[in-house]
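The values are calculated or read from the model by the stated rules, or taken from the named source; none is laboratory data. From a predicted model like this one, the values you see are computed outputs, not experimental measurements. Every residue, glycine as well, gets a Cβ built from its backbone with ideal geometry; the counts of neighbours run over all protein chains shown. Side chains are part of the model used for accessible areas, which takes the heavy atoms of the whole protein and leaves out ligands, DNA and RNA. Shrake-Rupley method; radii C 1.70, N 1.55, O 1.52, S 1.80 Å.
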Amino acid sequence: MWGRVIEIMTAVWLAVSPFVFGVQSDPTLLWADLGVALLICVLSGLSYWHPTRHAHLLILLVSIGLIVWGRLAVLPPTPAHQNHIVVGIFLLMIALIPNEASLPPRAWRKLPTGDECP
């Protein structure tokens, strides 16, 4: 589940980034970044619940939207929009990591440990 933690940390960066880049006076950028960050946190958090364990895959759509918005909103892209592109590409990579990435393969988890008597 370490991938989900990194997604949440990236969402926190996205929420703080309007203040870092000095565009907090632009309500469109500020509220869009806060909304997208909240959506990423919700999708990552839902992945911890077994019935919605694949919710993090919807972050792929969110990240593609960030990349497209960052690239096409203003030409040439401002530093705030370049941040959207980089965050989107990063989330594309992280969202593909399965929830059980830290565990051994399922087949290995089913093998006897040798402690049982045949």
Carbon and sulfur %, accessible surface of the range 21-63 computed with the full protein complex present, 1.4 Å: 76 percent
Spin-label model distance (nm) - ILE89 vs VAL42, 7 Å beyond Cα toward Cβ: 2.9 nm
Probe 1.4 Å, accessible area per residue of the range 2-102, Å²: 55 Å²
Dipole magnitude (debye, nearest 20) for the chain, charges at Cβ of Lys, Arg, Asp, Glu: 220 debye
Value of relative contact order over the chain, rounded to a whole percent, pairs C-alpha under 8 Å and six or more apart: 30 percent
Solvent exposure, largest accessible area first (probe 1.4 Å, DNA, RNA and ligands not counted), of ILE97, ILE8: ILE8, ILE97
Helix-only mean residue ellipticity at 222 nm for the chain, each DSSP H run of n ≥ 4 adding -39500 (n - 2.57), per residue, nearest 500: -20500 deg cm²/dmol
Bins of 10 Å from zero: percent of alpha-carbon pairs in the range 2-102: 17, 50, 25, 8, 0
Given charges at Cβ of Lys, Arg, Asp, Glu: the chain dipole, positive-most of PRO104, MET93, VAL12: PRO104
